[in-house]
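The values are calculated or read from the model by the stated rules, or taken from the named source; none is laboratory data. Small disclaimer: the values here were computed from a predicted structure and weren't measured. Heads up, the Cβs are rebuilt from the backbone with ideal geometry, glycines too, and the neighbour counts pull from every protein chain shown. These accessible areas exclude ligands, DNA and RNA; they are computed on the full protein's heavy atoms, side chains included. Shrake-Rupley method; radii C 1.70, N 1.55, O 1.52, S 1.80 Å.
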Amino acid sequence: MCGIIGFAGNTEAVPILLDGLERLEYRGYDSAGVAVASPEGRLQVKKCKGRLGVLREALAAQKPLTGQVGIGHTRWATHGEPNDVNAHPHVSQSGKLAVVHNGIIENYLEIKQSLLHKGVVFASDTDTEVIVQLLEYYYKKSSNLMDAVYEVLNRIKGAYAMGILCSDFPEQLIAVRKDAPLLIGYGADGNYIASDVTALLAHTRTVTYMEDDEVAVVTADHVQILGRDGCFLEKEKHQIQWDVSAAEKGGYAHFMLKEIMEQPEAIRKTVSPRTIQPRLADGEIVFEELEDERDLMKGISRIYLVACGSAYHVGMIGKYALERLLGIPVEACLASEFRYSGPLLGESALVIVISQSGETLDSMAALREAKRRGSKVLSIVNVMGSSIARESDHVLYTWAGPEIAVATTKAYTTQTVLLLMLGVYLARRLDRIGNGEYQEIVRELHGLHERIGMVLKNLELYQKTVARYFNHDSVFYIGRNQDYALGMEGSLKLKEISYIHSESYAAGELKHGTISLIEPGTLVVALAAYEPLVEKMRSNIVEVRSRGAEVVAMTTEETRDMIGSQASEVFVIPKTHTLLQPVLGVVPLQLFAYYIALNRGCDIDKPRNLAKSVTVE
Ligand code: G6P
């Protein structure tokens with residue numbers, strides 16, 4: 001979704017803003033723009049519908065925008081169609097103020113009406129323009145910019161991260177945040193604001209996370225952060241561990257492929273600090289993050305796993321695993337539904353929020369609802385210092401590194417493994433798992449990254465196989481138990497990046513309706529890696545085959561023959577403990593989707609209409 005970059009420094013701002021916007025492209029956007037304050041106090045703005053390349057060309061074709069202080073934005077349209085006028089930055093009627101904004105101003109219509117009555121003329125259809133026109137209105141009244149900013153904050157409702165320029169103060173930019181991420185970066189050539197740390201990595205790794213209702217005034221050599229009451233705040237600086245190369249393609253055609261290939265390392269980094277090396281029979285899963293909460297499960301009688309998109313599919317796998325391991329009800333919930341569905345919250349419910357970005361608005365709202373109603377919240381998050389991480393009672397970080405492709409891969413696998421590890425760890429503490437099985441899982445965890453590496457050695461097989469299937473216009477994924485959850489993820493991957501219609505079904509449910517859609521040539525991806533139900537899956541494959549379906553199967557080495565004999569194609573993954581099998585099983589599904597999208601010539605890293613981090617409801 002929308003991205004913000006801002007710079008106040010000792011060098012020209014435009015190249016820095018464009019570079020920052022390029023690094024934010026992955027979030028998904030439909031227009032882009034920049035505004036720069038010239039030293040003598042003139043705001044210059046350029047904004048265009050379309051990819052960043054369009055903005056670059058437009059800038060190259062005109063007199064350069066000069067100045068060392070500026071703001072930039074990539075917009076993902078919510079209010080008003082994607083066009084040049086609705087793109088950010090938005091400028092006040094006099095041209096004195098410019099604003100970039102992420103989020104939604106809920107009461108913008110009411111404010112717009114009152115400004116229209118006062119004679120203000122609006123140029124765009126956006127909620128954001130209301131902010132800049134209202135700011136001008138208050139600024140004219142008080143002649144004090146900061147007072148005007150606070151007046152605006154008192155008036156607007158909704159979520160926002162903003163960067164503001166004023167031609168009367170060409171050496172500074174102002175940043176504001178509420179319910180949308182914004183951070184400040186401290187660099188050698190100046191200081192930055194950004195909605196996402198990846199925009200800053202090329203310049204600095206020293207950052208401060210802004211909190212809700214804070215206002216920052218940023219100049220080339222100063223950053224002042226103020227609270228809602230206008231008092232100066234001492235804020236902590238953090239060092240980001242990610243490096244620039246982690247957010248670059250490094251020779252791969254797409255970020256998605258690079259991130260698929262990074263999974264062995266991401267799994268190793270996530271697992272190994274939390275497992276004591278299993279020597280003989282004394283391995284251990286250790287969560288230092290939970291050291292102070294040895295009684296996490298005390299009084300807990302149910303668990304909710306709450307997330308969106310792929311992270312929700314991780315929750316579905318977790319439901320099967322944690323319920324079995326802990327012997328209490330575990331529910332996987334879509335965050336967008338959670339707070340409207342009357343969950344049984346309170347002290348006896350543990351809520352586990354799963355989120356790569358840590359900024360997904362629906363997940364954040366679910367977290368707040370859970371806390372408001374007295375439940376403990378533990379989150380599994382990839383981005384350090386993100387909002388969900390900061391508001392949770394406990395955080396377990398996945399160490400996947402920056403994930404740039406919109407379609408998640410390495411974040412999904414690391415979330416899955418971490419959630420499963422948590423389940424096993426809690427089962428051990430509650431004495432609900434036998435030592436034999438526990439030791440086996442710890443041993444298997446230890447070698448998991450190597451097994452993923454084995455699956456990834458077969459890229460050519462996927463490339464070749466998939467070439468036969470890329471022309472299908474509908475694909476069904478079937479599986480049972482955790483393979484059903486895996487099918488949900490495989491199907492979503494395919495939809496997201498190849499735009500092929502696809503559905504995922506519990507294999508046993510097909511016969512209750514959907515089997516009517518199976519006809520000669522229909523492509524069915526059958527997932528048969530969940531050992532206890534492999535034979536039943538074999539019957540389901542026979543069922544669809546006998547109606548003419550073409551079957552691509554995924555199974556383990558052990559059941560290769562049983563399943564392979566029934567399929568036109570079989571992807572074989574190494575065998576591991578049943579609980580951990582989905583971590584390997586998802587990899588062929590990622591590759592399948594990737595190569596299909598590649599064959600169809602799709603924009604794999606930036607699929608249409610999608611955003612990496614969804615910060616609207
Ligand atoms: C978006 C992304 C998905 C992601 C979902 C949840 O829809 O495109 O890939 O699974 O948001 O994001 P989160 O950052 O909370 O994991």
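Here are some notes:
- Distances between placed amide hydrogens fall under 5 Å for LYS178 paired with TYR160, ALA161, ASP213, all partners being 5 or more residues away or on another chain.
- Angle in degrees between helix 309-326 and the longest Cα principal axis of the chain, rounded to the nearest 10: 50 degrees
- Amide H contacts of PHE571: ALA553, MET554, THR555, each under 5 Å away and 5 or more positions distant or on a separate chain (H built 1.01 Å from N in the peptide plane; Pro and chain starts excluded).
- J(HN,Hα) series, segment 28-33, from Karplus relation 6.51 cos²θ - 1.76 cosθ + 1.60, nearest Hz, glycine and proline x: x, 6, 10, 7, 8, x
- Point-charge dipole on Cβ atoms (K/R +1, D/E -1) for segment 569-615, about Cα centre, debye to 20: 120 debye
- Relative contact order of segment 53-171: 31 percent, from C-alpha pairs under 8 Å at least 6 residues apart in sequence.
- Each residue, PHE122 and TYR499, gets one label point 7 Å from its Cα in the Cβ direction; the gap between the two is 3.2 nm.
- Residue-span extension gain [GLU265 to GLU289] - 0.36 nm each, minus C-alpha spacing: 6.5 nm
- Paramagnetic reach from SER568 in segment 454-498 [backbone N under 16 Å; point 7 Å along Cα→Cβ]: 462-478
- Share of pairwise Cα separations in the chain, more than 34 Å, in percent: 45 percent
- Most positive-pole-ward Cα, PRO402, LEU296, VAL583, against dipole of the chain from beta carbon charges: VAL583
- Per-residue HN-Hα couplings for segment 291-299 [Karplus 6.51, -1.76, 1.60; θ = phi - 60°; Hz; x = Gly/Pro]: 3, 7, 10, 5, 9, 3, 8, 4, x
- Residue order by solvent-accessible surface for LYS141, LYS118, LYS371 is LYS141, LYS118, LYS371, largest first, with ligands and nucleic acids left out and a 1.4 Å probe.
- Projected label distance in nm at HIS512 and GLU450, using a 7 Å step from Cα toward the beta-carbon: 4.3 nm
- Degrees, to the nearest 10: 435-456 long Cα axis against longest axis of the chain: 70 degrees
- Net charge dipole size for the chain [Lys, Arg +1 and Asp, Glu -1 on Cβ; Debye, nearest 20]: 660 debye
- Sorting 246-253, 288-295, 392-399 by average packing, meaning the other beta carbons within 10 Å per residue, from highest down gives 392-399, 246-253, 288-295.
- Heavy-atom accessible surface of the chain: percent carbon and sulfur, 1.4 Å: 48 percent
- When the Cα positions of HIS472, ASN458, PRO520 are compared along the charge dipole of the chain, PRO520 comes out farthest toward the positive end, with charges on each C-beta of Lys, Arg, Asp and Glu.
- Cross-link reach list, aspartates and glutamates versus LYS140, counting only Cα pairs under 14 Å and skipping chain neighbours closer than eight places: GLU151, ASP168
- Charge dipole of segment 79-199 (Cα centre as origin; +1 on each Lys and Arg Cβ, -1 on each Asp and Glu Cβ, all else neutral): 380 debye, rounded to the nearest 20.
- Per residue, the accessible area of the chain comes to 38 Å² when a 1.4 Å probe rolls over the protein heavy atoms.
- Taking a ≥ b ≥ c as the square roots of the Cα gyration tensor eigenvalues, segment 175-290 comes out oblate, since a/c reaches at least 1.5 and a/b does not exceed b/c.
- Residue-count net charge about ALA220 - beta-carbon cut-off 10 Å; Lys, Arg +1, Asp, Glu -1: -3
- Cβ crowding within 10 Å averaged over residues, with 531-544, 48-61 ranked highest first: 531-544, 48-61
- Within segment 571-596, backbone nitrogen closer than 13 Å to the virtual label 7 Å beyond the Cα of TRP242 toward Cβ: none
- Length gained when the stretch LYS464-ARG373 is fully extended (0.36 nm per residue, less Cα-Cα span): 27.5 nm
- Modelled FRET efficiency - R0 35 Å, SER348 with ARG547, Cβ distances, 0.05 increments: 0.15
- The chain, relative contact order [Cα under 8 Å, separation at least 6], %: 12 percent
- Extension gain for ASN144 to ALA253 (0.36 nm times residue separation, less C-alpha to C-alpha distance): 34.2 nm.
- For the chain, the share of DSSP beta bridges that are antiparallel, to the nearest 5, is 60%.
- The H on the amide N of GLU550, modeled in the peptide plane, is under 5 Å from the matching H of GLY521, THR522, LEU523, VAL524, each at least 5 residues off or on a different chain.
- Listed by chain and number, the lysines placed with their C-alpha closer than 17 angstrom to that of LYS511 are LYS536; residues fewer than eight positions away on the same chain are left out.
- ASP189 paired with GLU211, simple spin-label distance in nm, labels 7 Å along Cα-to-beta-carbon: 3.3 nm
- Dividing the summed helix terms, -39500 (n - 2.57) for each DSSP H run of n ≥ 4, by the number of residues in the chain produces a 222 nm estimate of -11000 deg cm²/dmol to the nearest 500.
- C-alpha long axis of helix 361-372 to longest principal axis of the chain, angle in °: 80 degrees
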